[in-house]
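Working notes for the structure below.
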Amino acid sequence: MVQLIVGRKGKGKTKHLLDKVNSEVKNISGSIVYLDKSTKHMYELNNKVRLINVSEYLVENAKEFLGFVCGIISQDHDLQQMYFDSFLKISCLEGADISEAVSKLEKIGEAFGVDFILSVSLDEAELPENLKEKVIVSL
């Protein structure tokens with residue numbers, strides 16, 4: 001399953017994402033991974049959540065990003081949820097159509113039983129029609 005938290009930069013998407021991950025960690029039996037563009041939020045995350053700074057791994061395009069995500073999943077068979085802060089930036093999709101990447105994440109999630117929660121710096125009106133049903137918070 002893929003869920004989206006959408007809104008322009010500076011609207012508070014990261015706070016919603018952090019609140020969601022920190023509340024979910026109490027109810028989940030598997031592990032959680034939080035991908036971000038830096039380690040800035042390290043101390044705001046529950047210590048059971050694994051924070052990965054994507055910028056350290058030289059990801060240069062969306063295909064490499066999806067391969068990176070699959071690599072993380074392959075190393076943790078208990079993985080249940082992945083949170084992507086600054087999704088457009090870490091996936092190298094700024095200014096691009098995200099439909100294909102989200103569709104691929106949906107397929108990966110179904111195959112491996114992982115839920116993805118994405119913070120996307122777009123207004124809900126800017127999203128492709130097929131993604132609007134995935135929005136859980138619109139700011």
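The values are calculated or read from the model by the stated rules, or taken from the named source; none is laboratory data. Note that the structure is predicted; figures quoted are calculated from it, not measured. Here the Cβ is made from the backbone with ideal geometry for all residues, glycine too, and neighbour counts use every protein chain on show. To get the accessible areas, we keep the full protein, side chains included, count just its heavy atoms, and leave off ligands, DNA and RNA. Shrake-Rupley method; radii C 1.70, N 1.55, O 1.52, S 1.80 Å.
Observations on the structure shown:
- Look at the range 1-24: where a residue is closer than 25 Å to residue 112 by Cα and a partner is of a type in the set (D, E, K, R) and in a loop (DSSP other than H, G, I, E, B), sitting 6+ places away or on another chain with Cβ atoms under 6 Å, you get 17/85.
- Qualifying residue in the range 75-87 (condition: open to solvent by less than 30 Å² (accessible area, probe 1.4 Å), over 18 Å from residue 7 (Cα atoms) and touching a residue at least 60 places away in the same chain (Cβ under 8 Å)): yes
- Among the residues listed as 89, 63, 134, the single one being of a type in the set (D, E, K, R) and over 24 Å from residue 22 (Cα atoms): 63
- Residues of the range 1-57 that are of a type in the set (Ser, Thr, Tyr) and open to solvent by less than 20 Å² (accessible area, probe 1.4 Å): 34 alone.
Listed here are the residues, each with its yes/no results for (1) in contact with a helix residue (DSSP H, G or I) (Cβ under 8 Å, 6 or more places away or on another chain); (2) surrounded by 14 or more Cβ atoms within 10 Å (Cβ to Cβ).
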position	(1), (2)
59	yes, yes
66	yes, yes
71	no, no
127	no, yes
